[in-house]
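Student: Before anything else, here's the structure in question.
None of the figures in this text is laboratory data; all of them are computed from the coordinates on show. Nothing here was measured: the structure is a model prediction, and the numbers come from that model. Methodologically, a virtual Cβ is constructed for each residue, glycine included, from the backbone with ideal geometry; neighbour enumeration extends over all protein chains shown.
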Amino acid sequence: MATLLAGCGGAQSALAPAGLEGERVAALIGWLATGGGLIWAVVVGASVAAVRRRAAMSEPSARQLIVVGGVLFPTVVLAVLLYYGLYLMSELRQGPAQRQVAISGERFWWRIRYLDGMAGAPAAADSPPSAPSGPALFETANELRLPVGEITELLLTSPDVIHSFWVPALAGKMDLVPGHVTRLYVQPTRVGRYRGSCAEFCGAGHALMGMEVVVMERAAFDAWLAAQQRPSVDDSAAARLFVARGCGGCHTVRGTQADGRIGPDLTHIGSRRLLGAAVAPATAANLARFIRGPQAMKPGAQMPPFGMLPAPEIEMLAQWLAGLK
Ligand code: CUA
């Protein structure tokens, strides 16, 4: 038991909550496990007692046992649990949010756009779930940063197949459905890095569709937000090579001529800890490996391999990308 439970901690665990919804889900898990354990003990105890005693029960007391143990008890327990679950649910699925982030499930990574127009808005207690407001401040990928203690509304969708957004420490799962926008409100309670993954089979790269959520103090978050909005204004030889070799057909690096929309925005990829939807640390060496053969690091990746480029060019591109802080 202890060995099994030792695997339940860490950055991707519903039992180590770091968000309001995550805490409630963990409490629900605790209640269900405790209640289930107690009922199991009583039933097993009754079975053992019945085998040991062997004396026949009188008909009235047998009937009483069936009515109380088989009808009354489960009805009351399930009604209480249902009520508790509904109560938790009504608390969970509502704002008001201090900011909105639009997340699109791509094959097989997360497109993340921070939306303008809500930051610092006064929080009215009864405001309805809001429509996406304002254009995107900037786009990033696979690393979601949130300020601690504040409510962020995630607007989730997908262009083609269904994914499921799941950061167990923060909140429950929410599907990303083509043609719909689903909403998830997250309110982190602890600073730190948490791991999320896609929880709905979406294709060959599903198992490697991870992400990292970085929960920061407000001041650090504001500094990050400001830095992310700045383009990497760059006319270096590497930036021109990036465009000349076609990388800009799929990727955007704001401030250069690369403005592709198919793959992840790489404007500040050097500021992200992981690459390829959290398959490896975003070091220059790993970026070079990814450019040479994405499928070797991430089976199912849609990016074609660029191993035919001369080694010095790959090295130059990788160094440049790693430096895009
Ligand atoms: Cu995306 Cu599974």
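Student: Hey, what number do you get for the chain at 222 nm if only DSSP H runs of n ≥ 4 count, each worth -39500 (n - 2.57), divided across all residues, to the nearest 500?
Tutor: On the way: 9 runs with 111 residues, N = 325.
Result for the chain: -10500 deg cm²/dmol, rounded to the nearest 500.
Student: Relative to the longest principal Cα axis of the chain, at what angle does helix 311-322 sit, 0 to 90 degrees, rounded to 10?
Tutor: The angle comes out at about 60 degrees.
Student: Taking a ≥ b ≥ c as the square roots of the eigenvalues of the Cα gyration tensor of the chain, is the shape rounded (a/c under 1.5), prolate (a/b larger than b/c) or oblate? Display every interim value, and only then the final one.
Tutor: Details: a/c = 3.07, a/b = 2.07, b/c = 1.48.
Prolate.
Student: State the extension gain, in nm to one decimal, for the chain segment bounded by Ala204 and Asp116, taking 0.36 nm per residue of separation less the distance between their alpha-carbons.
Tutor: On the way: separation 88, 0.36 × 88 = 31.68 nm, distance 3.40 nm.
So the chain would gain 28.3 nm between Ala204 and Asp116.
Student: Still on this structure: Return the whole-Å distance between the Cα centroid of region 257-316 and the Cα centroid of region 23-59.
Tutor: Computed from Cα coordinates, the inter-centre distance equals 54 Å.
Student: Let me ask something additional. How do Cys250, Cys202 line up, fewest other C-beta atoms within 10 Å first?
Tutor: Details: Cys250 16, Cys202 22.
If I rank by nearby Cβ atoms, fewest first, I get Cys250, Cys202.
Student: Here's a follow-up. Using the alpha-carbon atoms, what tilt in degrees (0 to 90, nearest 10) does helix 20-53 show relative to the longest principal axis of the chain?
Tutor: The angle comes out near 30 degrees.
Student: In a GNM of the chain with a 10 Å cut-off on Cα contacts, which of Gly246, Gly276, Gly172 has the highest mean-square fluctuation?
Tutor: Among Gly246, Gly276, Gly172, the largest mean-square fluctuation in the Gaussian network model of the chain belongs to Gly246.
Student: Comparing Trp110, Trp166, Trp40, which has the greatest mean-square fluctuation in the GNM of the chain with Cα pairs linked when under 10 Å apart?
Tutor: Among Trp110, Trp166, Trp40, the largest GNM mean-square fluctuation belongs to Trp40.
Student: Label region 224-320 by shape, choosing from rounded, prolate and oblate, from the square roots a ≥ b ≥ c of the eigenvalues of the Cα gyration tensor; if a/c is under 1.5 it is rounded, and otherwise prolate applies when a/b is larger than b/c, oblate when it is not. Don't jump to the answer; show the numbers that get you there.
Tutor: On the way: a/c = 1.56, a/b = 1.21, b/c = 1.30.
Oblate shape, in that a/c is at least 1.5 and b/c is the bigger or equal ratio.
Student: Relative to the longest principal axis of the chain, what angle (0 to 90°, nearest 10) does the C-alpha long axis of helix 73-92 take?
Tutor: Long axis of 73-92 versus the principal axis of the chain: about 30 degrees.
Student: Contact order normalised by length for the chain, with contacts defined as Cα pairs under 8 Å and 6 or more residues apart; what percent is it? Display every interim value, and only then the final one.
Tutor: Working: 592 pairs, mean separation 50.3, N = 325.
Over the chain, the number comes to 15 percent.
Student: Go through Val214, Phe201, Trp224 and say which Cα lies farthest out towards the positive end of the charge dipole of region 201-245; charges sit on Cβ, +1 for Lys and Arg, -1 for Asp and Glu.
Tutor: Phe201
Student: To make sure I understand, if each residue's beta carbon is the centre and we count other beta carbons within 10 Å, what order do Ile269, Ile151, Ile29 fall in, fewest to most?
Tutor: Arranged by neighbour count, lowest to highest, Ile269, Ile151, Ile29 become Ile29, Ile151, Ile269.
Student: Go ahead and set up a Gaussian network model of the chain, Cα springs under 10 Å, then flag whichever of Ala79, Ala46, Ala207 fluctuates most.
Tutor: Highest fluctuation of the listed residues: Ala46.
Student: What is the calculated FRET efficiency for Ala136 to Tyr84, with r their C-beta to C-beta distance and R₀ = 22 Å, to the nearest 0.05?
Tutor: Details: r = 39 Å, r/R0 = 1.77.
Using R0 = 22 Å, I get an efficiency of 0.05.
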